[in-house]
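Peer 1: Structure incoming, see below.
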Amino acid sequence: MSRFGCNLDVVTYYTLVHGVCRAGNVKIGHNLLKGLHMKNSDLNPDIVTDTTLIRGYFEKREIAQALNVSKEMLGCRMKPNRSTYDTLIQGLYEAI
């Protein structure tokens, strides 16, 4: 994108992550986020992006991965919001 003169920001990465998660490629979305942090340490994923990853992993029935993302999120001192809690509760409920 930078070759087109577009600056990448958290919203751009969220949009990409959301799109690949909706297409069922959650691992690619997760790798995009890791690349975001390695490419520019000033750009950090926000709670919305992490919640999108958690939802994507639950939809693919990858419960351990969803919980790992939530642990990573807490490790980065991100405060879960209502949507995050709703996603975790619904995902765990549907897993049983």
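Peer 1: Checking K34 against (1) under 14 Å from the mean Cα position of the chain (by Cα); (2) touching a residue at least 12 places away in the same chain (Cβ under 8 Å): exactly one of these is not met. Which one?
Peer 2: The one condition K34 does not meet is (2).
Peer 1: Next question. Which condition number in (1) in contact with a helix residue (DSSP H, G or I) (Cβ under 9 Å, 6 or more places away or on another chain); (2) in a helix (DSSP H, G or I); (3) at pLDDT below 95 is the one that V11 fails?
Peer 2: With respect to (1) in contact with a helix residue (DSSP H, G or I) (Cβ under 9 Å, 6 or more places away or on another chain); (2) in a helix (DSSP H, G or I); (3) at pLDDT below 95, V11 is out only on (1).
Peer 1: On the basis of being of a type in the set (D, E), touching a Leu at 6+ places or on another chain (Cβ under 8 Å), on the phi < 0 side of the Ramachandran plot and without any contact (Cβ under 8 Å) to a residue 40 or more places away in the chain, does D46 make the cut?
Peer 2: no
Peer 1: Same structure again: Pairs, please: C-beta under 8 Å, at least 6 apart or cross-chain, first residue farther than 16 Å from Q65 by Cα and in region 76-96, second in a loop (DSSP other than H, G, I, E, B)?
Peer 2: From residues that are farther than 16 Å from Q65 by Cα, the pairs are C76/N44; M78/D46.
The values are calculated or read from the model by the stated rules, or taken from the named source; none is laboratory data. Only a predicted model underlies this, so the values are computations on that prediction, with no experimental measurement involved. Here the Cβ is made from the backbone with ideal geometry for all residues, glycine too, and neighbour counts use every protein chain on show.
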